[in-house]
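The values are calculated or read from the model by the stated rules, or taken from the named source; none is laboratory data. A quick note: this is a predicted structure, and the numbers were derived from the prediction, not measured. In this analysis, Cβ positions are derived from the backbone assuming ideal geometry, glycine residues included, and neighbour counts consider all displayed protein chains. Accessible surface is based on the protein model in full, side chains and every heavy atom, while ligands, DNA and RNA are left aside. Shrake-Rupley method; radii C 1.70, N 1.55, O 1.52, S 1.80 Å.
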Amino acid sequence: MDLDMRKLRYFVAVAEHRHFGRAAEQLYIAQPVLSRQIRAFEQEMDCTLLERTTRSVELTAAGKQLYEEAQGILGTIDAAVRRVHDADRAIQRLVIAFAPGLHVSEAIRAFKSLHPQVETDVVPARWWDPDAPLRDGRAQIAYLRRPFDDSGLHTIPIGHEHRVACMPATHPLAHRDEILRADLDCELMLDTQTRRLDSLEEKFELIASGHGIALVPVSVARYYSRPDLVHLPVADAPNAETCLVVTTDRPEKLVRDFLDIATTTLRH
């Protein structure tokens, strides 16, 4: 079957809002039209993507899988269209992906001071699939944390980041100044192996409501700081290595220039 890109974008809007009315507003179409398009899309896909009730819209297992796939599909298409337009207008562009909590703005400012003619964009790297923007062509460079699939990629180590245990403020361990990994042996840990979540916001909401504990990099914990969560240092937890990543050992000159600048800037 040929995948209808327009209907796929409609589905993504509903999946993100979990509400037909808000999705229709974002898409500037009438809600009944959106509902008909989604039903037609489900018929074309030959599976149910959304569970509808009078109060909510939730993704089925198939819907969650399609939503994950759609990020790469639509991102790749949008990136390809942008590259075509850039070529037509003789625009040079550099796109940098970044993992949650990591900041690449200082490196971009330093790069722009030397290459003011180059357009620079950023794209977030999903925490469960961080290397995807490089592999699907949305970005030429990424600033990531390990672990990720580095096969076919060239990495430049930048530094290390401590991990902390994120838990509800009411948890029995929350009063401690520091814990060990053994203290978490009987706890339900929220990670990519135990539960696939759509966003870090969803992950921290679940933690706050008592659905588990997560080991997260300290920069992520600080970015998502909230009064009902506690972030405890884990003395024997392995650090998270940060690195710059590109898709080839022989990148184009602009990419090499950015890597040189970013390596110095980010390590500093």
- Reported set for segment 55-91 where residues are assigned to a helix (DSSP H, G or I), open to solvent by 60 Å² or more (accessible area, probe 1.4 Å) and within 20 Å of Arg22 (Cα to Cα) is Lys64
- Query: Say we look at segment 130-162 and pick out the residues that are surrounded by 16 or more Cβ atoms within 10 Å (Cβ to Cβ), assigned to a loop (DSSP other than H, G, I, E, B) and of a type outside the set (Gly, Ala, Ser); which of these is farthest from the chain's Cα centre (by Cα)?
  - Reply: Leu153
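Which is modelled with pLDDT under 85 and either farther than 30 Å from Ile141 by Cα or more than 19 Å from the chain's Cα centre (by Cα) (or both), of Arg18, Arg52, Arg36, Arg83?
Numbers: Arg18 fails: modelled with pLDDT under 85; Arg52 fails: modelled with pLDDT under 85; Arg36 fails: modelled with pLDDT under 85.
Of Arg18, Arg52, Arg36, Arg83, the one residue that is modelled with pLDDT under 85 and either farther than 30 Å from Ile141 by Cα or more than 19 Å from the chain's Cα centre (by Cα) (or both) is Arg83.
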- Item | Residue check for Thr265: part of a loop (DSSP other than H, G, I, E, B) and within 30 Å of Gln117 (Cα to Cα) | no
